[in-house]
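Notes to accompany the following structure.
The values are calculated or read from the model by the stated rules, or taken from the named source; none is laboratory data. The structure displayed is predicted, hence computed values, not measured ones. Here the Cβ positions follow ideal geometry from the backbone for every residue, glycine too, while neighbour counts run over all protein chains shown.
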Amino acid sequence: MLENLERLLDHLAATLEESRQVEIDHAIGALDFEPVDRPPWILCSPLPDDAPFKPYPHGAIFDNPEKMLFNELVHAFDTSIALRNRVGDDLPATVRANFGTVLIASMFGAPVEQIGDNPPWSATTPRRFPCSRLRKPIRRISPKAGSHASPRRWSFTEKRWPRARSWRGLSASCSPTSKAPSTTSS
């Protein structure tokens, strides 16, 4: 396991508190139209310069499950599970196999490319995408974009992050077509 991932997991084990997670689960219930004492509050911001953990370059995570997991915990979508104890927001402890938005597009046959340090994106193509494809059954996810999503999600919870299985509210996801068992714990 990567040394910095091990340090991060130790940090999370020491700072993520069960009682705080119960409060967060209650506040997040607002998203399911449940009555709550207060709305959930989640801070989205750039990672502070003094953050103890820094994410890997985006282009380095797609072939390395540990680096992808590390980035999801450190700074995903301008939020940080690693800083939750410092920020005090209601960010749920969730991670995903972050292959970008191309998983769905690739299911419909869109070509996918990943260039440099950018996220994967649907490649520009001179041909027009026929709308008739939308009426055909979805057969498979393209090899470039989706072949690793379900195994990556599975590795997050079963192989790389076994301590997290006991954390209340932890979930890991990839795509709606995943064949791996559910990894949401409660």
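Here PHE77 clears all of (1) within 25 Å of ASN118 (Cβ to Cβ); (2) touching a Leu at 6+ places or on another chain (Cβ under 6 Å) except the condition numbered (2). For region 8-31, a tally of residues being surrounded by 14 or more Cβ atoms within 10 Å (Cβ to Cβ) and of a type in the set (A, V, I, L, M, F, W, C) returns 8. Given the condition touching a Pro at 6+ places or on another chain (Cβ under 8 Å), part of a helix (DSSP H, G or I) and at pLDDT 85 or above, answer yes or no: does some residue in region 12-19 qualify? For region 12-19, residues touching a Pro at 6+ places or on another chain (Cβ under 8 Å), part of a helix (DSSP H, G or I) and at pLDDT 85 or above: absent. Can you confirm whether region 100-115 contains a residue that is acidic (Asp, Glu) and closer than 28 Å to ARG7 by Cβ? The answer is no; no qualifying residue exists. Output the residue which, of all residues in region 32-44 that are among the hydrophobic types (A, V, I, L, M, F, W, C) and closer than 24 Å to VAL74 by Cβ, is surrounded by the fewest Cβ atoms within 10 Å (Cβ to Cβ). Once the filter is applied, the top-ranked residue is CYS44. Just give me the residues in region 30-87 being closer than 18 Å to ALA14 by Cα and without any contact (Cβ under 8 Å) to a residue 24 or more places away in the chain, in sequence order. Result: ARG86, single match.
Note on region 45-85: residues that are under 22 Å from GLN21 (Cβ atoms) and either touching a Lys or Arg at 6+ places or on another chain (Cβ under 9 Å) or surrounded by 13 or more Cβ atoms within 10 Å (Cβ to Cβ) (or both) amount to 18.
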